[in-house]
1. Below 8 Å, C-alpha to C-alpha, sequence gap of six or more: please give me the relative contact order for segment 1-98 in percent.
2. What percent does the relative contact order of segment 246-364 come to when contacts are Cα pairs within less than 8 Å and at least six residues apart?
3. Can you work out the PRE-style zone for residue 262? Point 7 Å along Cα to Cβ, and I want the residues of segment 324-348 with backbone N under 11 Å.
4. Between helix 241-262 and the chain, what is the angle of the helix's C-alpha long axis to the longest principal axis, kept within 0 to 90° and rounded to the nearest 10?
5. Work out, step by step, the length gained on full extension between residue 363 and residue 314: first 0.36 nm times the residue separation, then minus their alpha carbon distance; give nm to one decimal.
6. Mind giving me the nanometre distance, one decimal, between the label points for residue 124 and residue 337, set 7 Å out from Cα along Cα→Cβ?
7. Mind sorting 148, 309, 77 by how few other Cβ atoms lie within 10 Å of their own Cβ, fewest first?
8. Under a crude label model (7 Å from the Cα following the beta-carbon direction), how far is residue 385 from residue 102 in nanometres?
Ligand SMILES: [Zn+2]
């Protein structure tokens, strides 16, 4: 049946398909399939993309693409695509205007699929789109590749570097986040957490852009520091307050563990099942622990003293400027040194060694709360997926969700 109105309708939906045009729409009611056939215009000429010379058709191959469903009908595009040959540049595959590369989906389908994948996990998206998990994953990978190829990084001044563990082993990914147009975006993912993992980002960015970087925030591990000093001559190092809190929390926990081992029966009873309580910030302590903790926190327990020093440090970020912060640090440091709590003293000494990089936070007024937001969302992604067995998969997912990439396949045309 040749229904020109229906053909014209589908031609309009598909947009520019030249040199093909919709020649037939076949409805298979039994299998709920709507087949749209495209045929090459008889006067089509295939020009070589390199020399623009006319190419000869070697053979035709029939290909099919899944398009957006029409009501409950699965819509399939079918067209014969020639394999062409230039006498100088050899055989070439012709690119159809409605799909990308060897994809078995139209660009419109992929655009919709990207939106669904952004909204839910891959398995659920595959189910909703009635495609296999591998197909959904392929759409995601193509989307990320497309987005990365288009991305231009202009005016980057502040960068945050962090590490993320993959799975349960000692496998890490270095996550580089930058503030672009006021929004935190994951810019780069390096393998591992050593100097080379970060070097890759600076090399990709290029020396001119590196020279414009004003500050880089990171933890106190030496590899990121070395890499940044080598590549970014004008950047200040900022030691991330979040990581400093983590170090102090660890120290408080160490004091508690030692106190449990060395303490009297009374001390042991007082500390029983309190591990998590000391790690919460005071205002975040759940209500059910409030009464017990109220008595504990002001006690003479070593753990309580360590906790009070940690909580005092949390007020550091309220300092108004670098001078204020400097004064605060020395007061806090003196208190820690008098405390006889070795684990906390060790952390304080490390802070002192890195003091310049701690105070730069106030110089730049640059708060990495934004980047921290991205980091905690990445952590959530890892938890939701029950860990990633495959580093490559984690990298694709992070860029897909937090890269701020323009992944729209239709806009590519
Ligand atoms: Zn040619």
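1. On the way: 174 pairs, mean separation 22.9, N = 98.
Here the relative contact order equals 23 percent.
2. Details: 87 pairs, mean separation 35.2, N = 119.
Taking the mean separation of contacting Cα pairs over the length of segment 246-364, I get 30 percent.
3. Hits in segment 324-348 for residue 262 at 11 Å: 340-343.
4. Once rounded, one gets 50 degrees.
5. On the way: separation 49, 0.36 × 49 = 17.64 nm, distance 1.86 nm.
Length gained between residue 363 and residue 314: 15.8 nm.
6. That separation, rounded to one decimal, is 5.5 nm.
7. Details: 148 13, 309 22, 77 25.
Starting with the residue having the fewest Cβ neighbours, the order is 148, 309, 77.
8. Reported label-point gap for residue 385 and residue 102 is 2.4 nm.
Laboratory data are not the source of any read-out in this text; all were calculated from the coordinates shown. Note that the structure is predicted; figures quoted are calculated from it, not measured. When we count neighbours, we look across all protein chains shown, and the Cβ atoms used for this are built from the backbone with ideal geometry, even at glycine.
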